[in-house]
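The values are calculated or read from the model by the stated rules, or taken from the named source; none is laboratory data. As the structure is a prediction and not an experimental result, all values here were calculated from the model. Positions of Cβ are generated from backbone atoms using ideal geometry, with glycine treated the same way; all protein chains shown enter the neighbour counts. These accessible areas exclude ligands, DNA and RNA; they are computed on the full protein's heavy atoms, side chains included. Shrake-Rupley method; radii C 1.70, N 1.55, O 1.52, S 1.80 Å.
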Amino acid sequence: MAAIRGLLSGVRVIRHGISLPCQRLYPRSDICTSSSVESRDDKLKERQSQIMSRGLPKQKPIPGVKHVLVVASGKGGVGKSTTAVNLALGIAASKPVKAVGLLDADVYGPSIPKMMNLKGNPELSDKNLMIPLINYGIRCMSMGFLVEETAPIVWRGLMVMSAIERLLRQVEWGELDYLVIDMPPGTGDVQLSITQNIPISGAVIVSTPQDIALLDARRGAEMFQKVSVPVLGLIQNMSVFRCPNCHHETHIFGSEGTQRLAESLGLDVLGDIPLHINIRETCDLGRPIVVSDPNSNEAKAYLDIAREVISRIS
């Protein structure tokens, strides 16, 4: 019997043209159970995660900044910067918030200088740090302060990363309750660099109800979830147009699309921003709606979202 077992242990069978070792035909004590295989796989994944994390920069808080809030969208042209500006002003108007900063991380297309009505180059402190420009009580920093207004920024990825590092680390932000970061569109180098370098209290995703915008908004939300940044919720921008004459409402970009996306991601909609000419005009003039007409329905929409963001972070 022992001889037969010895022979069977060396037999090889052909399956679908591939030579495979034949399993022993008698029970063995060293055969792995499913639980042990799962345990080994878990250990392997943990080991791989540890190895990958060695190459990532360690997150370091920005001195003096309590909370960092990123405003993002997967797609350009959905009103992200307008939302970031009015959201920062809305947070600053909320109690007991004392100081708010606004960082324009869109290196290629900085729009914060125009929306916040700011021009000029930042001065340097005694520590050789850039001093933010201030308007409406908000401390602002943007690549738009460092280059000419109409000059194109033609940089490769490494230069962009260096610029982002300067905007984060070489600015005298002072004591801030909140630093709102206006992120560029997409899910590329800048997003990864910021999320890997500083601790982020939360992210909000801005999108219109249009299907094509929601596709990219989903990518943005899932990117933050993958890098362990808490997504506070979605903001539905340009949700409805109300005729100023007859007050008829038209859903130009569709309706409830952001709500459906939020439900599929297990998130909430933080609020709706209407499509209104006053929002566009005031930002173009450098007088955002929250400060130029704080009692309007449009400003109240931003203020409500600001209070919701504060409550979720705190």
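In terms of accessible area, using a 1.4 Å probe and ignoring ligands and nucleic acids, Y136, Y108 rank largest first as Y108, Y136. Per-residue surface analysis assigns K45 an accessible area of about 130 Å², computed on protein heavy atoms at 1.4 Å probe radius. Structural descriptor for segment 86-196: relative contact order 37 percent, calculated from alpha carbon pairs under 8 angstrom and at least 6 residues apart. Packing, taken as the mean count of other beta carbons within 10 Å per residue, orders the peptides 111-121, 212-222, 144-154 from highest to lowest as 212-222, 111-121, 144-154. Computed over segment 208-314, relative contact order equals 26 percent, with contacts defined as Cα pairs under 8 Å that lie 6+ residues apart.
Among the protein heavy atoms of segment 132-183, carbon and sulfur supply 54% of the accessible surface, probe 1.4 Å, non-protein parts ignored. What whole-number distance in Å separates the alpha-carbon centres of segment 123-195 and segment 246-268? Segment 123-195 and segment 246-268 have Cα centres spaced 32 Å from each other. First select every other residue whose beta carbon is under 15 angstrom from the beta carbon of V227; then total the charges, Lys and Arg +1, Asp and Glu -1. Here the charged neighbours net out to +1.
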